[in-house]
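Undergrad: If you scroll down you'll find the structure; I have some questions about it.
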Amino acid sequence: MTRAATARHVGHGLGAATLPSLAFLALAMIVAMRFGTEPISLIRAVTDAASLDRVIVMEARLPRVLLAAIAGGGLAIVGVAFQAVLGNPLAEPYVLGVSGGSALGATLAIVLGFSGMTLLGAGAVPVAALAGGLAATAFVATVGRSVGTSPRTSMLLAGVVVNAMTSAAITLVKTLVAASQAQEVLFWLTGFLDASIGGAQLGCVAVYVLAGSVSLLRDAGRLNLLSLGDEGALHLGVDVQALERRTFIACSVIVGAIVSVTGLIGFVGLIVPHALRRLFGPDARTLLPASLFAGGGVLVLCDLGSRVLFRWFHRELPVGAVTALLGGPLFLVLLRRREGGVD
């Protein structure tokens with residue numbers, strides 16, 4: 001196949017996956033702003049500036065929908081990157097412990113009273129979440145490389161251990177602080193999308209997610225070559241260790257920023273890449289941008305589900321619980337297929 005033909009093929013694949021994913025995200029956002037605990041008229045919200053519908057959309061639903069789109073997209077694209085680097089379809093930020101490390105960093109910042117502080121112009125809580133995510137990533141990567149037999153499988157197992165350790169640490173902190181702080185810490189364990197998030201904070205998260213995503217997208221072709229094995233990738237000119245380092249840092253930046261405002265939301269990085277891989281194939285150049293949009297749509301709809309269920313439960317369910325209930329069974333199915341040699 002000539003270079004021109006290859007470029008046309010790649011462009012066709014990108015469009016075939018990215019455009020439907022973008023359309024799915026747009027539709028999910030429209031539906032999420034239209035429905036909720038009480039349905040409204042989007043037409044009235046747009047045309048009548050003094051209407052209650054406009055107030056509900058602009059002050060309650062739009063910030064929350066945007067946060068869900070950013071967070072879901074970030075978690076999904078990180079899932080694709082981790083799965084490519086580790087060569088394992090079960091890898092995702094929650095399972096690998098990156099989310100747990102970020103949550104622990106953010107929790108400590110809250111408990112120590114750093115919520116209102118800034119570091120070098122950035123909020124202290126996002127910086128602490130980023131530091132926690134990087135520390136967890138470094139630990140998991142170090143453990144994986146220290147095991148010569150199966151380093152990538154060891155990374156996955158190390159991530160499970162990190163998750164257990166960070167969860168225990170957060171629980172311990174929760175029992176030692178005042179009830180008001182314990183309630184705030186509980187937020188990080190369950191995962192909520194806060195409609196009162198300010199524009200500056202939302203913009204900060206978007207910048208982190210965008211920066212990390214751009215880095216991953218630039219390395220999409222190199223991530224594909226990792227499927228040939230480290231030696232095969234090296235022969236084709238890929239610096240495997242540098243690529244892994246860049247990927248882990250970019251993923252930690254994305255996850256740390258998201259967790260700092262949403263808490264722990266798991267399995268989005270597992271559900272979305274797996275579904276898209278079945279539909280469009282394993283090419284990271286296709287999966288990364290498609291997951292960025294489709295992941296946002298999935299989390300927007302999960303959050304809509306948690307809001308709609310308010311009518312029956314008379315309280316809002318944490319979106320992290322909704323994604324775990326959906327993703328947990330899928331994880332077990334994938335694990336069984338992989339152990340049985342099907343996947």
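Read-outs throughout are calculated quantities, based only on the coordinates presented, and are distinct from any laboratory measurement. Because the structure is a prediction, the values reported are computed rather than measured. In this analysis, Cβ positions are derived from the backbone assuming ideal geometry, glycine residues included, and neighbour counts consider all displayed protein chains.
Undergrad: If each of Arg245 and Arg218 carries a label point 7 Å out from its Cα toward its Cβ, how far apart are those two points in nm?
TA: Label-label distance for Arg245 and Arg218, simple model: 1.5 nm.
Undergrad: Okay, next question. Looking at Leu325, Leu22, Val205, which one has the Cα that reaches farthest to the positive end of the dipole of region 3-339 (charges on Cβ: Lys, Arg +1; Asp, Glu -1)?
TA: Of the candidates, Leu22 comes out farthest on the positive side.
Undergrad: Label region 122-259 by shape, choosing from rounded, prolate and oblate, from the square roots a ≥ b ≥ c of the eigenvalues of the Cα gyration tensor; if a/c is under 1.5 it is rounded, and otherwise prolate applies when a/b is larger than b/c, oblate when it is not. Before the final figure, lay out each step's value.
TA: Working: a/c = 3.36, a/b = 1.54, b/c = 2.18.
In terms of gyration-tensor shape, oblate.
Undergrad: If you don't mind, another one. Could you sort the peptides 95-108, 156-169 by per-residue average Cβ neighbour count (10 Å cutoff), highest mean leading?
TA: Output ranking for 95-108, 156-169: 95-108, 156-169.
Undergrad: Please express the shape of region 22-61 as an equivalent ellipsoid: the semi-axes are the square roots of 5 times the eigenvalues of the C-alpha gyration tensor, given largest first in whole angstrom. List each step's numbers first, then the result.
TA: Working: eigenvalues 69, 23, 13 Å².
Here the semi-axes work out to 19, 11, 8 Å.
Undergrad: Quickly estimate the mean residue ellipticity at 222 nm for the chain, helices only: each DSSP H run with n ≥ 4 gives -39500 (n - 2.57), and the total goes over all residues, rounded to 500.
TA: Taken over the chain, the calculation gives -25500 deg cm²/dmol.
Undergrad: Along the charge dipole of the chain, Cβ charges K/R +1 and D/E -1, which of Thr142, Leu225, Ala81 sits furthest on the positive end?
TA: Leu225
Undergrad: Still on this structure, I have one more. Only four residue types carry charge here, +1 at the Cβ of Lys and Arg and -1 at the Cβ of Asp and Glu. Report the dipole size of region 3-339 about the Cα centre in Debye, rounded to the nearest 20.
TA: Roughly 540 debye, rounded to the nearest 20.
Undergrad: Dipole size in debye (nearest 20) for region 181-240 around its Cα centre, Lys and Arg Cβ +1, Asp and Glu Cβ -1?
TA: That gives region 181-240 a dipole magnitude of about 180 debye.
Undergrad: Project the alpha carbons of the chain onto their principal axes and report the range along each, largest first, in whole Å.
TA: Extents along the principal axes: 63, 51, 43 Å.
Undergrad: Using a Förster distance of 56 Å, how high is the FRET efficiency between Thr37 and Glu231, based on the Cβ-Cβ distance and rounded to 0.05?
TA: Using R0 = 56 Å, I get an efficiency of 0.50.
Undergrad: With each label point set 7 Å from Cα along the Cα-Cβ vector, what nm distance links Val46 and Ala169?
TA: Result: 4.8 nm between the two label points.
Undergrad: Under the classification rounded if a/c is under 1.5, otherwise prolate if a/b is larger than b/c and oblate if not, where does region 48-103 fall, given a ≥ b ≥ c as square roots of the Cα gyration tensor eigenvalues?
TA: prolate
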